[in-house]
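Accompanying notes for the structure given below.
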Amino acid sequence: MRRRPMVLNSPDVATALDLLGLTVVPEDFEALACQVAWTHPAAEAISDAQSLAYRVVWEAVEKRIESRKGGDL
């Protein structure tokens with residue numbers, strides 16, 4: 001019998017930041033990648049929950065960037 005993969009609920013941004021060891025939403029995607037890499041070096045496996053948290057924070061960064069662009073118009 002094949003096991004189905006565990007489906008995780010998306011955490012809120014605050015929880016996602018905590019799972020990744022961050023305190024604030026980074027300014028851009030490069031900063032996010034660097035901060036996560038610094039906190040979770042390649043030698044340390046990132047969990048499914050942390051992967052999902054990364055996506056949640058990525059979306060928060062994207063919204064931040066879009067809101068800044070919207071303010072410039």
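Below is a table of values for the structure above.
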quantity	calculated
Residue tally, condition surrounded by 13 or more Cβ atoms within 10 Å (Cβ to Cβ), aliphatic (A, V, I, L, M) and part of a loop (DSSP other than H, G, I, E, B), over region 39-73	1
Hits in region 6-38 - residues which are at pLDDT below 90, under 12 Å from the mean Cα position of the chain (by Cα) and open to solvent by 50 Å² or more (accessible area, probe 1.4 Å)	10, 37
Members of region 39-73 found to be of a type in the set (Val, Ile, Thr) and over 10 Å from the mean Cα position of the chain (by Cα), listed by number	39, 46, 65
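The values are calculated or read from the model by the stated rules, or taken from the named source; none is laboratory data. Keep in mind that what you see is a predicted model, and the values were worked out from it rather than measured. Using ideal geometry, Cβ is built from the backbone for each residue, glycine included, and neighbour counts are taken over all protein chains shown. For the accessible areas, the whole protein counts, side chains as well, though only heavy atoms, and no ligand, DNA or RNA atoms are used. Shrake-Rupley method; radii C 1.70, N 1.55, O 1.52, S 1.80 Å.
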